[in-house]
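The values are calculated or read from the model by the stated rules, or taken from the named source; none is laboratory data. The model shown is predicted, which means the values in this text are computed figures rather than measured ones. Here the Cβ positions follow ideal geometry from the backbone for every residue, glycine too, while neighbour counts run over all protein chains shown.
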2 protein chains.
Amino acid sequence: MSGEDAPAQQQNAVDQKQETKPAEEPKAEPPKTESAEAAATPAATTEKAPEEETFTYRALVLTGYGGYDKVKLQVKKGKPALKAGEVLVRVKVCGLNFADLMARQGLYDRLPSPPVTPGMECSGVVEAVGEEVTDRKVGDKVMVLNRFGLWQEVAVVPASHTFLIPDGMSFEEAAALPVNYITAYLMLFDFGNLRPNQSVLVHAAAGGVGIAATQLCKTVKDVAVFGTASASKHEAISQGGVTHAIDYRTKDYVEEVRKISPKGLDIILDPLGGSDTHKAYNLLKPMGKLITYGAANMLAGQRKNLIAVAKNWYHQFSIHTLSLIQGNKSVCGFHLGYLDGEMELITQAMNTILDLYKQGKVKPRIDSTCLFLQVGDAMRKMQERNNIGKVILTTEPMPEEEKKEEAKKEDKKEDKKKEEKKKDDKKKDDGKKEEKKDDKKKEEPKKEEKKEEPKNEEEKNEEAKKEEK
Amino acid sequence: MSGEDAPAQQQNAVDQKQETKPAEEPKAEPPKTESAEAAATPAATTEKAPEEETFTYRALVLTGYGGYDKVKLQVKKGKPALKAGEVLVRVKVCGLNFADLMARQGLYDRLPSPPVTPGMECSGVVEAVGEEVTDRKVGDKVMVLNRFGLWQEVAVVPASHTFLIPDGMSFEEAAALPVNYITAYLMLFDFGNLRPNQSVLVHAAAGGVGIAATQLCKTVKDVAVFGTASASKHEAISQGGVTHAIDYRTKDYVEEVRKISPKGLDIILDPLGGSDTHKAYNLLKPMGKLITYGAANMLAGQRKNLIAVAKNWYHQFSIHTLSLIQGNKSVCGFHLGYLDGEMELITQAMNTILDLYKQGKVKPRIDSTCLFLQVGDAMRKMQERNNIGKVILTTEPMPEEEKKEEAKKEDKKEDKKKEEKKKDDKKKDDGKKEEKKDDKKKEEPKKEEKKEEPKNEEEKNEEAKKEEK
């Protein structure tokens, strides 16, 4: 399925690549040894065997907070050592998540400081097992969930963070499933306690969590799903199970919901934060549950936008217990990234999800498959809400010819970048507002190259805000 | 069961009664016609048939906000008219709830302004049915749930607010069941989503909701119930199903819970409010649910204690969504009094509870049965947490001899009261602090008459705070 998209994407990548460095460069940077908690980023061992010295692998590395170009492809060497309970996974496909976008801007505190390899989920094959690992063996196809560190060709993780891929599931699906489906599942069935005949509002219904939530809602009898998305995505989300598709761009979604369900809703999943959380709270029925799981409203533009962040903080929802009591309401917060100590709970959820997959009741929808080199485009696509379903990265190396061509372009681009950087440096101290404008200047020319209908960056962000997660 | 307690209570009543007026007095006050929403307080009809004129019934009436003596027994006349969909119930037994205590102090906004008849639950027999009532008939034994107005011998309520009493359930049990069990059920199974192997903290485990919650927890496999109560009640609550009884008077309950369950708890039911809500929040596991359903900490002394109220407000729990997200936590508010528009939901819960009753899995525990005349003692008992289980009121009239004796004592007490009132009036303007001291002065002599171990009022309130709901 997603594999069919790959060639086109690769072609695209040749034209649009801009975030990577030439393959030679990274060698100058020694592989970083992460702290104990960062098991996912393989540490170089002190006593290297010959094979370990010659072992190299590519990794995406966040080199600093900022725009899409801050994630660079590097080559690391030295075979990572395995501790007891760990497995080494040869990564095939990685999933992109909203937290990765937040992390790149320095807005996600679960990712250690750069340089660091992001990535919360991937699929691959077990290549080595450490001591005391009894339930995984070399050759097992697995999906992996980790706090970070999975956007690389080789990842070392605790065996308990891996799940066997069921027969019939592709590596693409397996990389697209863990974060979105576990998130949607725990929100709907643990906090939400979803039951027949209830109503659910799913924002960004064409996004990864949105699609997963819609499918999971449909496993319960007579659940009405209210889904927001731009009009162009309504056909897709309706086919996916959304009962009432709402175009939040042209209509007030609160009014639209009230027209259909005057008493309000039983469950609202809120990835937006800020003033949308207030709206959600007021839209709840008695005994209703508001589950907030992000602050997508905080993301505006490529880099940290202090105005958007401040606005989100200013509007951040805060609730007194007296209001909850008088309304008979529930407010819950969820983020899988903060739940990494609860593998038992996560494994239970995963097992249920895999059962539903085997029954054909849930199936990840892949929007597009990008190469590691195209990670910038992949992130842009997600942030600008141009996807329907999951954006994934494949570790597949580029064909040799393309690599060479790529390297040439890369050199040219590097030169151009250096020029731009000089200009940038001059402007750097002109304050926050100035910084935002810079973003626009650098963005717009690139967009015009590839889009039929270029739009101004602010408009896009405005429109995109509620589209995807 | 509860009937066995009654004679002793009646004996008590003769000695301690102080809140009622002689039966003659109330006739001077005409029956009040409540607003449309107050269907429970029968309105006098404009065209009275002879029978309707001679029809009289006793009712407890809150005559103003304040101490226990503000609830007075009055006689009303005129048979209440029935609207379509309503039934007239001859009340046998009424339940007392914490909201009634709050209401008497003017701290519960679901009760209309005095004069008004309180009472959210009762049991009785249908004596007449209005038009369009198809599922109730004269002679049906029912329990009733209403926003207020059930502490009287005759109550008119929507038929949808009545539930048939199952075979084998006494009127006492039926009056003790609705509020406590529906509250505990919806908190645990709707908001709480209680599942096997989870842990629950039940404050005031010997109170009405506490006992109901404990029994309902035990219907789920391997649920650990942490229950707080004073040591003297530990045997009773342990027999009732509490796994870990904690004496909050001599120990820090947070520390005690952590010793047994270092990671915290899955569900916490919080009737206390204020700083205890903060403690509860911090005691939650990831994916834990805090369900707050009262502000018992606000009640200190007989009358509204502005210091306690202010303290509770000051410490009132307020939560930001970011904290919820990072903690993966849920905060819910519940109060049955604000849920009266949701009869379908309530009926579903009630049906499940009655099934559990029939299976012998839940059974209301009656602490004591008081006469209408003893309502002051009943309220005091509850507020001072001297009960294990439910305090109920029976409408049974007093035997004639007792009545006469009662009347004599009443006269004496009235005189004494008038004297005290004079003193009081002088002091009235001495400010809030002074008012609190007055309370103590009036309370203490009465207590010494009936208690073996007299205690200072403040100590009692302190101790009693977390005991019962």
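For the stretch A:97-118, what are the residues that are of a type in the set (D, E, K, R) and within 13 Å of A:N146 (Cα to Cα)?
The first filter runs over the stretch A:97-118 and keeps only residues of a type in the set (D, E, K, R), leaving A:100, A:104, A:109-110.
Scanning the stretch A:97-118 gives A:D100, A:R110.
To keep it simple, each residue is scored yes or no on (1) assigned to a helix (DSSP H, G or I); (2) surrounded by fewer than 19 Cβ atoms within 10 Å (Cβ to Cβ).
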site: B:L60; (1), (2): no, no
site: B:G64; (1), (2): no, yes
site: B:K72; (1), (2): no, no
site: B:V75; (1), (2): no, yes
site: B:A81; (1), (2): no, yes
site: B:R90; (1), (2): no, yes
site: B:A99; (1), (2): yes, no
site: B:M102; (1), (2): yes, no
site: B:L111; (1), (2): no, no
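Screening A:H278 on (1) within 13 Å of chain B (Cβ to nearest Cβ); (2) assigned to a loop (DSSP other than H, G, I, E, B); (3) surrounded by fewer than 18 Cβ atoms within 10 Å (Cβ to Cβ); (4) at pLDDT below 95 shows it passes everything except condition (2).
Given B:M187, B:M169, which one is at pLDDT 95 or above and within 12 Å of chain A (Cβ to nearest Cβ)? Reasoning before the result, please.
Details: B:M169 fails: within 12 Å of chain A (Cβ to nearest Cβ).
Matching residue, one of B:M187, B:M169: B:M187.
On inspection, B:Q152 does not qualify as in contact with a Phe, Trp or Tyr (Cβ under 7 Å, 6 or more places away or on another chain), surrounded by fewer than 24 Cβ atoms within 10 Å (Cβ to Cβ) and closer than 29 Å to B:R385 by Cβ. Quick check on A:P286: is it closer than 28 Å to B:K289 by Cβ and either within 23 Å of the chain's Cα centre (by Cα) or more than 13 Å from every other protein chain (Cβ to nearest Cβ) (or both)? Considered against the rule, which asks whether it is closer than 28 Å to B:K289 by Cβ and either within 23 Å of the chain's Cα centre (by Cα) or more than 13 Å from every other protein chain (Cβ to nearest Cβ) (or both), A:P286 comes out as no. Among the residues of the stretch A:77-122, write down those that are more than 23 Å from the chain's Cα centre (by Cα) and not aliphatic (A, V, I, L, M). Result: A:K77, A:G78, A:K79, A:P80, A:K83, A:G85, A:E86. Of all residues in the stretch B:200-239, those satisfying the criterion of being surrounded by 24 or more Cβ atoms within 10 Å (Cβ to Cβ) and small (G, A, S) are B:A204, B:A205, B:A206, B:G207, B:G208, B:G210, B:A212, B:A213, B:G227, B:A229. Taking the stretch B:323-365 as the range and being within 14 Å of chain A (Cβ to nearest Cβ), surrounded by fewer than 17 Cβ atoms within 10 Å (Cβ to Cβ) and part of a loop (DSSP other than H, G, I, E, B) as the test, only B:G341 passes.
As a summary of the residue check, B:A295 satisfies the conditions (1) buried (at least 24 other Cβ atoms within 10 Å of the Cβ); (2) modelled with pLDDT of 90 or more except for the one numbered (2).
Quick grid of which residues meet (1) closer than 18 Å to A:A81 by Cβ; (2) assigned to a strand (DSSP E or B):
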site: A:S123; (1), (2): no, yes
site: A:V126; (1), (2): yes, yes
site: A:E132; (1), (2): yes, no
site: A:D135; (1), (2): no, no
site: A:G139; (1), (2): no, no
site: A:V142; (1), (2): no, yes
site: A:F148; (1), (2): no, no
site: A:V157; (1), (2): yes, yes
site: A:S160; (1), (2): no, no
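The stretch B:182-270 holds helices (runs of 4 or more DSSP H) entirely within its bounds, and those carrying 1 or more residues that are without any contact (Cβ under 8 Å) to a residue 12 or more places away in the chain map to B:234-239, B:253-260.
Out of A:V133, A:V144, A:V157, one residue alone is in contact with a Ser or Thr (Cβ under 6 Å, 6 or more places away or on another chain) and either in contact (Cβ under 8 Å) with a residue 60 or more places away in the chain or away from chain B (no Cβ under 14 Å) (or both). It is A:V144.
Among the candidates A:V129, A:V157, A:V125, A:V200, the residue that is assigned by the TED database to the domain that holds A:D270, of a type in the set (A, V, I, L, M) and more than 17 Å from the chain's Cα centre (by Cα) is uniquely A:V200.
No other residue among B:A236, B:A176, B:A206 is away from chain A (no Cβ under 14 Å) and in contact with an Asp or Glu (Cβ under 7 Å, 6 or more places away or on another chain) apart from B:A206.
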